[in-house]
Amino acid sequence: MIVWINGAFGSGKSTLVEELRPRWPESLVFDPEMVGYVLREIVEVPTGDFQDLRLWRRQVAHLAVGLVEEYRRPLLVPMTLVNPGYLDEIFGALREAGLDVRHFFLKVAPEVLERRIDGRSFFPDDPAREERVRAWCKERIEACSAAVDTLPGDTVFLDGEASPGELAGQVLAHVG
């Protein structure tokens, strides 16, 4: 089983997965951003968003399938994925491989997202880079909020302003 935790930057995806880990110790955590970081070291990303690389999408699906097949453990995936075509491509590949994909989306008000992004530290030793990352995250808030209407029908929407403990309980209740 794959449990994909989706939402805007600052919505609490990683925090929720950190809360789920001790409650679901047999699960593995797979962060697709790591695939993007590796690709960014090898090839140019013309748009600045590694999700636009077809290879990123293929490798994310391939690695997720491999992790589940090889280790026979549930996979927790904290990743913003709101482009409908990219989501269909990745989820389609996962389902084609016979995997059960459970999709959760953390809904958070834009002003709360901005506060959370401002409160995070990305690159404390590089203030200019820190600001670029914050601006990039904030620029995507609107698209993430608008994506709510385009997500698959089986998406489970969660109140991302609830406590991580409450959210973890809700996810676990849904996955059984």
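The values are calculated or read from the model by the stated rules, or taken from the named source; none is laboratory data. Everything quoted here is computed from the prediction, not taken from an experiment. Here the Cβ positions follow ideal geometry from the backbone for every residue, glycine too, while neighbour counts run over all protein chains shown. For the accessible areas, the whole protein counts, side chains as well, though only heavy atoms, and no ligand, DNA or RNA atoms are used. Shrake-Rupley method; radii C 1.70, N 1.55, O 1.52, S 1.80 Å.
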Worksheet item: Where in the range 43-58 is the amide nitrogen less than 17 Å from a point lying 7 Å along the Cα-to-Cβ axis of ALA135?
Response: 47-49
Worksheet item: Which percent of the accessible heavy-atom area of the chain goes to carbon and sulfur, probe 1.4 angstrom?
Response: 51 percent
Worksheet item: HN-Hα J couplings of the range 83-95 from phi, Karplus 6.51/-1.76/1.60, θ = phi - 60°, integer Hz, Gly and Pro as x?
Response: 6, x, x, 5, 5, 4, 4, 5, 5, x, 5, 5, 6
Discussion item. Under the 0.36 nm per residue contour assumption, what length would be gained going from the current alpha-carbon distance of GLN170 and HIS62 to full extension?
Written reply: 36.1 nm
Worksheet entry | the chain - percent relative contact order, Cα under 8 Å, separation 6 or more | 36 percent
Worksheet item: Going 7 Å from the Cα of PHE157 toward and past its Cβ, which residues in the range 65-106 have a backbone nitrogen under 12 Å from where you end up?
Response: 105-106
Worksheet entry | Dipole axis of the chain (+1 Lys, Arg; -1 Asp, Glu on Cβ), positive-most option in LEU53, LEU39, PHE91 | PHE91
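Return one whole number: the accessible area per residue of the range 88-142 in Å², for a 1.4 Å probe.
Computed with neighbouring chains in place, this is 61 Å² per residue.
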Fill in: Principal semi-axes in Å for the range 46-117 [√(5λ), Cα gyration tensor, largest first]
25, 17, 11
Discussion item. With θ taken as phi - 60° and the coefficients 6.51, -1.76 and 1.60, list the Karplus ³J(HN,Hα) couplings across the range 134-146 in order, rounded to whole Hz; mark glycine and proline as x.
Written reply: 4, 4, 4, 4, 5, 4, 9, 4, 4, 5, 5, 5, 5
Response to the item:
So for R0 = 35 Å, FRET eff. of SER121-LEU55 from the Cβ-Cβ r, to 0.05, ends up at 0.70
Response to the item:
In whole Hz, the Karplus estimates of ³J(HN,Hα) for the range 65-80 (6.51, -1.76, 1.60; θ = phi - 60°; x where Gly or Pro) are 4, x, 4, 5, 5, 6, 9, 6, 10, x, 10, 9, 10, x, 7, 6
Item to complete: With only Lys, Arg, Asp and Glu charged, each at its Cβ (+1 for the first two, -1 for the last two), find how big the charge dipole of the chain is about the Cα centre; round to the nearest 20 debye.
Response: 240 debye
